Structure formats: C-alpha cells, structure tokens
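Student: Here it is: the structure, laid out below.
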Amino acid sequence: MEEVYIIQPVFDAKADVLQSEAVALIESAGANYIGCTRQTIREIDPATFIGKGKLEEIANELKDRDATVLFNGDLSPSQTLNISKALGDRKVIDRTTLILDIFASRAESSEGKLQVELAQLKYLYPRLKGKGSELSRLGGGIGTRGPGETKLETDRRHIRSRIHALEERLERTEKRRTLLTERRKKERVKTIALVGYTNTGKSTLLNAMTGADVFAADALFATLDPTARAFEIEGVPFLMVDTVGFLQDLPHHLIEAFKSTLESALSCDLALIVCDAGGPYEMQLETTLSTLKELGFSSPYLVVMNKCDTMEYTRFPKQCVEISAKTGAGLDELKRRIFDALQDEFVRTTLFVPYANMAEYSAVKGLLFERNVIYTDDGAFVEAVIPAIYAHKFQNFSKR
Ligand SMILES: Nc1nc2c(ncn2[C@@H]2O[C@H](COP(=O)(O)OP(=O)(O)OP(=O)(O)O)[C@@H](O)[C@H]2O)c(=O)[nH]1
Ligand SMILES: [Mg+2]
C-alpha cells in the first residue's frame, strides 16, 4: 500500500481541521498515512513554499522509507519539482492531485468520468514540463490513476490531443443533459437537492427518504455523480437529487470541472443543506454557502442538522431541522418543512365535481394530485393538492 507523509503548512487555526481532513483523504484514496510535519508560514518561499531547513529535516526523517509526500495545499509546478528534488527525488503530490485521484476512483457516470479525466489532465499537463526524470518521479499510485480502471496519459505529447477529445465529448453530453433538465422542468415535478459538506450523510438521507440504495460510506467524496430518486409527500411526487460533497479549500478548478453537472442539480426548487450536528457544523455550513455562491446558486434552502442520534442534547436555532438519517428520527418533520417551504407552489383544497361534469374534470385531472375522493349522490368530493400554476384550471370545481 502506498505510504503517505503529510507536510502541513500552517497559516492560521484552520490548519488543524485541514490536517485531519488530509488524513481522511489519504485513507479515502486507499493509501496509508504514516506521519506529518507542520510548518508555520510567515513568508512563502517562492521556490519551495516552506523553508529549506524544514525540507532537510523531512528528507532525513524519511530517508529509509519509500513514502510519497503530500503537501496539504496547492503548489505551483516548479515548487512541486523543487520540493521533490530537495527530498531526494521523492514523489510529491499536492492536495488537488490527491482530491482528483479520489474523484477518479469514484466517478461512475460517463460524464463524471470525462469531467474528472479532463480536470486531471489539465492539472497534470504543466507539471510534466521536463523529460524522463520528472515523469518517472510520479511513479504509479496517487496522481497517475484515471477514472475507472484507466491509467492517466502521462506522455506530454499525447495529453493535448486527449484534452481536446474530452472537451468535445463533454460538450455533446452537456447538450443532452440540458434537454433532460428542460423536460423535467416542463413536467413540473419539484426537485429537492441535497448539498453540503462531504461525509455529512446526504446519501444516507436520500436512501432514507426515497427507499433508494445509493452508496453511502464513511469516506470523503463517496458520491460524485448527481443521483436523482423520486419520493412523495402527501401524495405529491418530488425528485431528490444527491450531489458531490464540498470540502474546505476545494480547489477552484475542481468546482469548475463539476459546474455543469452541479448547476443542473442546483437549479432545484429547494435545497437541503446537510450538516453533521456532532461535527464542525458552522464551518461546514459556511463552506457550503460560499461554494454555492460561487456556483451562482439562488434557490431557497433549509438547513438540516443530521446525525442528531450522536448527540445527547442539541441547541440549534429553530430554523434548522434536526434529524437522524440513520434512525429515521425527524424525517416526518423534515417532510412537513419541505412542503411548507414550497407552500406557495401548491394549493391544498377540496373540489366538488358533479357527475355531469366528470368528463370536463377528467380532461384536467392529470394536473393535480388526488389525495382522497368521496362519492356522494350527485358528485365527488376530491381532496387534492394542485400546483399553483394550474389552480385556475379548476375554478369551475371549487367546493360548494
Ligand atoms: N450516527 C449517524 N451516522 C450517520 C447518519 N447519517 C449518515 N451517517 C454515516 O455517515 C457516513 C457518511 O454518510 P454518507 O451518506 O455517505 O455521507 P455523504 O454526505 O453522502 O458523503 P459524501 O458522498 O462522501 O460527500 C456513513 O458512515 C453513514 O453511515 C446519522 O444520522 N447518524
Ligand atoms: Mg454521498
């Protein structure tokens, strides 16, 4: 198993969370974390980011080991090269390379695979400036694995044409997806998007709400591709969409790579921002909101505090919905809150349809959701939920 040693640059108090996340990321990539060095940064060394003295110490500590070094931040191509040289030609990866590697192993849809491979190659290309020695420095493992079982193209001469081909194919899938989104909009099924920090339980919640069987695991970025499942509240069908989790300092061009798939999920009627009630939920919420802002998100949202089963008591503002996707606690309340949040979109009413007008009613009844029908001597009482935009079509049947 690939061994990974972390260099953690320290700018402020955020470093602790970033460091423990890096350990989780290493494990999510199927590698083995072996140790860490922290370096407080007052001034960035343009050549090697951290000081030469520190690099000598690390070189010494690792001299008998074949470990990969993760720099838990973003490095320029030449900094990566210089650190690698200072550590005796050791394999050095940065945070983006590691995250991309996990994304590659998680991508399932063909579009997701294309997006990840494209992001990987675009990131790798300028890092393969030199000839043989720099290429071989990458060796195998993290940073060289493409989506699925593929190995990334690491021949600089071939990368350009591969990038071009991927871009063309993505453009075609994008067009097809836009058509699908438009159709969904026309069918007027309301979509609820699950968004939030990685590992907060979004997929578990999707499964609990819809009876789906989506992969959920104690790993970072278990979900990559948006997945949609249908469910009902009060007889009204909804669509719930699961999305990729966010992370602090998620490299900007990673967001860029997923922008198109995320945008379609985020053009939802309501978003549920899922947080881990027992974790650093303030940071999770902040990260999620700022990432959403970057993506141009503007739909209404509810904040959902998940994993409340792990807490002895909770003290969240009452706007938050407290649930446990695992035990099912609070899910009925969540459904109520979803319905309430969308109340302007629906009219709950009871119609009276005289038997003489049944044909007229039948012609439009596909537009509403019947909850209960009671037949009487001269007609039927229909308890229904009507999408607000169609309310006028039922004016003739308003209850007497
Ligand atoms: N105790 C507890 N654990 C939960 C709850 N919901 C989810 N989990 C666990 O949290 C871990 C992450 O769950 P996922 O549903 O994969 O989380 P996610 O937000 O989809 O994560 P990514 O797709 O990786 O972003 C899993 O180990 C779940 O079993 C909950 O309500 N209580
Ligand atoms: Mg998930």
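The values are calculated or read from the model by the stated rules, or taken from the named source; none is laboratory data. None of the values given here were measured: they were computed from a predicted structure. Cβ placement follows ideal geometry from the backbone for every residue including glycine, while neighbour counts extend to all protein chains displayed.
Student: Only one of these is at pLDDT below 85 and more than 10 Å from the chain's Cα centre (by Cα): 230, 222, 257. Name it.
Tutor: 257 is the lone residue from the list that is at pLDDT below 85 and more than 10 Å from the chain's Cα centre (by Cα).
Student: Could you check region 305-327 and list, in sequence order, the residues that are basic (Lys, Arg), surrounded by fewer than 21 Cβ atoms within 10 Å (Cβ to Cβ) and under 23 Å from the mean Cα position of the chain (by Cα)?
Tutor: Across region 305-327, the qualifying residue is only 326.
Student: Which pairs do you get when a residue that is away from ligand 2 (no atom under 16 Å from the Cβ), found in region 240-259, comes within reach of a residue that is not in a loop (DSSP other than H, G, I, E, B), reach meaning Cβ atoms under 6 angstrom, with the pair 6+ apart or on two chains?
Tutor: Cβ pairs passing all conditions: 248/287; 251/96; 257/115; 257/119.
Student: Starting from region 107-119, take each residue that is under 10 Å from residue 163 (Cα atoms) and list its partners that are at pLDDT below 85 and buried (at least 22 other Cβ atoms within 10 Å of the Cβ), counting only C-beta distances under 8 angstrom and pairs at least six apart or across chains.
Tutor: 118/257; 119/257
Student: Regarding residue 66, is this residue assigned by TED's automatic domain parsing to the domain that holds residue 146 and more than 21 Å from residue 198 (Cα to Cα)?
Tutor: Against the criterion (assigned by TED's automatic domain parsing to the domain that holds residue 146 and more than 21 Å from residue 198 (Cα to Cα)), residue 66 qualifies.
Student: Could you figure out which of (1) surrounded by 21 or more Cβ atoms within 10 Å (Cβ to Cβ); (2) more than 16 Å from ligand 2 (Cβ to nearest atom) isn't true of residue 299?
Tutor: It is condition (1) that residue 299 fails.
Student: Can you name the residue in region 251-296 that is β-branched (Val, Ile, Thr) and buried (at least 19 other Cβ atoms within 10 Å of the Cβ) and is also nearest to residue 204 (Cα to Cα) among such residues?
Tutor: For region 251-296, the residue satisfying everything is 274.
Student: Restricting to region 15-41, and then to whatever is in contact (Cβ under 8 Å) with a residue 40 or more places away in the chain and among the small types (Gly, Ala, Ser), can you tell me which residue is surrounded by the most Cβ atoms within 10 Å (Cβ to Cβ)?
Tutor: Among them, the one singled out is 29.
Student: While we're looking at this one, here's another question. So, in region 206-227, of the ones that are of a type in the set (A, V, I, L, M, F, W, C), more than 7 Å from ligand 1 (Cβ to nearest atom) and crowded, with 18+ Cβ neighbours inside 10 Å, which residue ends up nearest to residue 103 (Cα to Cα)?
Tutor: Top of the filtered list is 224.
Student: For region 189-233, enumerate the residues that are of a type in the set (Val, Ile, Thr), within 8 Å of ligand 2 (Cβ to nearest atom) and in contact with a helix residue (DSSP H, G or I) (Cβ under 7 Å, 6 or more places away or on another chain).
Tutor: If the condition is that a residue be of a type in the set (Val, Ile, Thr), within 8 Å of ligand 2 (Cβ to nearest atom) and in contact with a helix residue (DSSP H, G or I) (Cβ under 7 Å, 6 or more places away or on another chain), then 214, 223 are the ones that fit.
Student: Listed residues 47, 86; which is farther than 25 Å from residue 218 by Cα, surrounded by fewer than 17 Cβ atoms within 10 Å (Cβ to Cβ) and of a type in the set (Gly, Ala, Ser)?
Tutor: 47
Student: Kindly establish whether residue 74 is among the charged types (D, E, K, R), over 30 Å from residue 243 (Cα atoms) and either over 28 Å from the mean Cα position of the chain (by Cα) or surrounded by fewer than 20 Cβ atoms within 10 Å (Cβ to Cβ) (or both).
Tutor: Against the criterion (among the charged types (D, E, K, R), over 30 Å from residue 243 (Cα atoms) and either over 28 Å from the mean Cα position of the chain (by Cα) or surrounded by fewer than 20 Cβ atoms within 10 Å (Cβ to Cβ) (or both)), residue 74 does not qualify.
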